[in-house]
Every structure is written in C-alpha cells, then in structure tokens.
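Right, one structure below, let's go through it.
Bear in mind these aren't lab numbers, they're just calculated from the coordinates by the rules spelled out. Fair warning: this is a prediction, and the values are worked out from it, not measured in the lab. Don't worry about glycine lacking a Cβ; one is built from the backbone with ideal geometry, like all the others, and counts go over all protein chains shown.
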Amino acid sequence: MCPRTLMMLRSYHGRVVPATTHRVAEAVEALRCGKIIALPTDTLYGLAAGIRSESGVRALYATKRRSEDVPLAICVGDAQEVGNYLETGHLASGLLEELLPGPVTVISWTKSSSDLPNCINPGRRLLGVRVPNSCFVRAVARQYGHALALTSANQSGDRSTVEVTEFLEIWDDVRFLKYQRCHLHLFLFVLMSENAVYLDFRRR
C-alpha cells in the first residue's frame, strides 16, 4: 500500500478498517442504525445499506447523488436465499447454486410473498439479486438477517472503483470503509425468464 494511501487511512482512524471476519459485527450494527458502509465485493467496491432501514436506503441514494427512480440490486448471503425475493420456480434445479456465489446479478420477477420493503424499487416487478463471492459481504448479510441494498461505491455516472482511494468524495458519507484489494472486473447479468436465460457480460 502506497504512503499516500496509508496516510489517508490513518486520518480516518477507526472508520477505515480491513474487511475481516472480526469486523462483521460492527458493520452489521452500523446497518441496523441506518448507516451505510463501503465494502469490497468480488467485482468492485460497493455501498451497502440494510433493506429494513428506510433511512439507510435513502442515505444510499443521497450519497450516490442518484435519483430514487433508479432501481437498486440487493445482496443475500447464500444462493438458497435468492428464492425468498425472486420467482425461481421456473428455473432448472441447481442452476442458482452453479452460478452463485459469484460475479453474477440474477434478475427475475420479485416474489409477491417477499419481505422486500416499499423503500426498495417501489412499483417495479423486476429485481436484481447478488450473492458475491466474498466471505465478508456474505457474513454481513447473514448476520444482518435480511438482504442488503447494494450498489457501486461511486457517485452516479462515475467510473466504478476497485481501490478504496478511488471514491474519496463520498468517504464522509460512509460510517465504515472496509478495505481490501478488488481484482475482478467482469460482470455477468443473468435475466431469468420462463423460456430463456439471457446473459449480458460487461467490462468497465
């Protein structure tokens, strides 16, 4: 880590911390208090809020400088939880377990019986769900007990970030910044319909 980065991390002492398992509890507590956190996923740095916290979701939009008309994806801890939020009965058995965890966003119809609160994508039928291949992110989602609203750690329209120092302009809006090098830059969006699976690869 370069000297400039170390100096900046020290200036935010106590808020910029490694994304390790013993930091999971403090991340979860911040989410339960309506705060947002920055954390490394298996693709990029992300911003997360607890879906049960309307103030946290609103803070996520405000930090992103993003219109609340733009939908958010959510993140869960395990592939088996995807069916709690999406209609998956039409999918081949074991398909989600083959894809997840990984750099994949699964998009399907929101399940009518899901506990998705009104602050998440109101009026929209389609929903994107992630299970990142990141032990830290998945542990936070599991301990939080609900899905996380998850988006990239940048202001809307800016380039996605793979280093903690690439989104300095929003550091002050974030309760905790969990740092770790992000290596993967390939995204896979999977749109599930009853008749086909559409794959969309994107690279930034």
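Within 10 Å, count the other beta carbons around each residue, average over each peptide in 79-88, 42-51, 143-152, and list them highest first.
Numbers: 79-88: 19.1, 42-51: 25.3, 143-152: 22.0.
The densest-packed peptide leads the list: 42-51, 143-152, 79-88.
Taking amide H atoms as placed 1.01 Å from N in the peptide plane, the amide H of residue 73 lies under 5 Å from those of 150, each 5 or more residues away in sequence or on another chain. Contact order, relative form, for region 98-153: 41 percent (alpha carbon pairs under 8 Å, 6 or more residues apart, mean separation divided by residue count). Placing dummy labels 7 Å off each Cα toward the beta-carbon, the span from residue 163 to residue 66 is 2.3 nm. Per-residue 3J(HN,Hα) values for region 80-95, derived from phi via the Karplus relation 6.51 cos²θ - 1.76 cosθ + 1.60 with θ = phi - 60°, read 5, 7, 4, x, 6, 10, 10, 6, 10, x, 8, 8, 4, 4, x, 4 Hz in sequence order (x marks Gly and Pro).
Look at where the Cα atoms of region 85-152 and of region 11-60 average out, and the two centres are 18 Å apart.
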